[in-house]
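Report on the structure given below.
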Amino acid sequence: MPQAIGEITDLPLTVVNTHGHCDHTHGNYLFESVYLSEKDKEVFNRHNDPEVIQEILDQVPFLIRLLAKPSTDRTLSVPVPPPTKPLPEEGYFELGDRLVRIIETPGHTPGSISLLDEKNDILFAGDTIVGHGMLLNQPESSDVESFRDIIYMLEDLA
């Protein structure tokens with residue numbers, strides 16, 4: 001992946017994990033600079049344990065697991081180093097001529113964040129906003145009422 005991105009830009013690459021689940025962090029090993037909320041370190045550690053990943057995969061319907069078998073084997077064998085940096089204290093990332101604001105959006109996980117590119121009016125919400133419902137099905141997820149408040153807060157930003 002870094003090689004493909006290198007064909008587009010020669011600027012330094014930074015990865016910002018919106019939360020600590022393995023489906024969002026498992027490519028971290030490809031990059032030197034990786035950010036994650038301190039509040040999701042425990043989530044990251046648990047969700048990158050091969051036994052926990054296997055438990056998650058066991059919940060996936062049989063046909064999908066069958067089709068994804070080669071990928072599953074690779075997934076379980078990839079060592080995932082922890083993120084290298086906590087989120088910046090100033091609450092934003094500076095990307096040349098624009099700032100991307102970090103917004104704490106706990107719910108899916110305690111350390112979930114969203115990133116708001118105010119100049120272009122784009123919100124990167126990770127699993128905080130998904131098209132198929134709410135993802136509050138993990139032990140670390142918040143209650144529905146707290147999550148609702150986060151969604152209302154994001155709506156007020158629009």
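The values are calculated or read from the model by the stated rules, or taken from the named source; none is laboratory data. What you are looking at is a predicted structure, and each value in this text was computed from that prediction instead of being measured. Note: ideal-geometry Cβ built from the backbone for every residue, glycine included; neighbour counts use all protein chains shown.
For the reader, a short list of remarks on this structure follows.
- Annotation note: of Leu99, Leu87, Leu123, the sole residue that is touching a residue at least 40 places away in the same chain (Cβ under 8 Å) and touching a strand residue (DSSP E or B) at 6+ places or on another chain (Cβ under 7 Å) is Leu87.
- Any hit, the stretch 114-132, residues being out of contact with any Pro (no Cβ under 9 Å at 6 or more places or on another chain), within 18 Å of Asp40 (Cβ to Cβ) and exposed (fewer than 12 other Cβ atoms within 10 Å of the Cβ): yes
- The listed residue being in contact with a Lys or Arg (Cβ under 6 Å, 6 or more places away or on another chain) and modelled with pLDDT of 90 or more, out of Gly91, Gly111: Gly111
- For Glu145: the one exception among (1) under 23 Å from Val15 (Cα atoms); (2) among the acidic types (Asp, Glu); (3) without any contact (Cβ under 8 Å) to a residue 40 or more places away in the chain: (1)
- Qualifying residue in the stretch 106-113 (condition: buried (at least 16 other Cβ atoms within 10 Å of the Cβ) and in a strand (DSSP E or B)): yes
Here's the yes/no breakdown for (1) aromatic (Phe, Trp, Tyr); (2) crowded, with 19+ Cβ neighbours inside 10 Å; (3) at pLDDT below 80:
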site	(1), (2), (3)
Leu11	no, no, no
Asn17	no, yes, no
Tyr29	yes, no, no
Leu36	no, yes, no
Asn45	no, no, no
Ile56	no, no, yes
Lys69	no, no, yes
Arg74	no, no, yes
Ser77	no, no, yes
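- Search result, residues across the stretch 137-152 that are farther than 16 Å from Lys39 by Cα and outside any helix (DSSP H, G or I): Asn137, Asp143
- Among residues of the stretch 79-105 being more than 22 Å from Gly27 (Cβ to Cβ) and basic (Lys, Arg), the one that is surrounded by the fewest Cβ atoms within 10 Å (Cβ to Cβ) is Arg98.
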